[in-house]
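Below is one structure, written out as C-alpha cells, with a few remarks after it.
Derivation of every value follows stated rules applied to the coordinates shown; laboratory data play no part. All values reported here derive from a predicted model rather than from experimental measurement. Cβ placement follows ideal geometry from the backbone for every residue including glycine, while neighbour counts extend to all protein chains displayed.
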C-alpha cells in the first residue's frame, strides 16, 4: 500500500501537534534520507511527523525537487501519508548570483 500524499500551498498556516518519540524517530529517518539524496537543497528540508503522517517543511528550488522530497519521504517504512509544504523558490541565474565577477571578466576581455 502506497502512502497518501498531498501537496499543500506554502502560503497556508501550519499548526502541528507535539510528536511522540516514535514520531520523532520517523521524522529523523525521513530527514536522514533527504540528506542522503543526490539533491543538496533537500539537506535543509525539515520533517515533522504525527503518528504516521509526515509533513515536509522548507524550500525547494524546483517542482521536480519538491516532488522528489515527497517520494523520498513516502518511501520511508512507517510513513503512511505525506503532506508536502515545501515552497518552490527558483535559484537565481548564475549571472544574477555573481554580477561583479561576471562584469569584471567581461571588462577584462575588452
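Stretched out fully, how many nm does the piece from residue 80 to residue 25 gain, at 0.36 nm a residue minus the Cα gap?
Contour length minus Cα-Cα distance gives 18.3 nm.
Would you mind computing, in nm to one decimal, how far apart the modelled labels at residue 63 and residue 35 are, each placed 7 Å from Cα along Cα→Cβ?
3.1
Output the peptides 43-50, 76-83 sorted from most to least packed, where packing is the average of other Cβ atoms within 10 Å over each peptide's residues.
In decreasing order of mean packing, 43-50, 76-83 become 43-50, 76-83.
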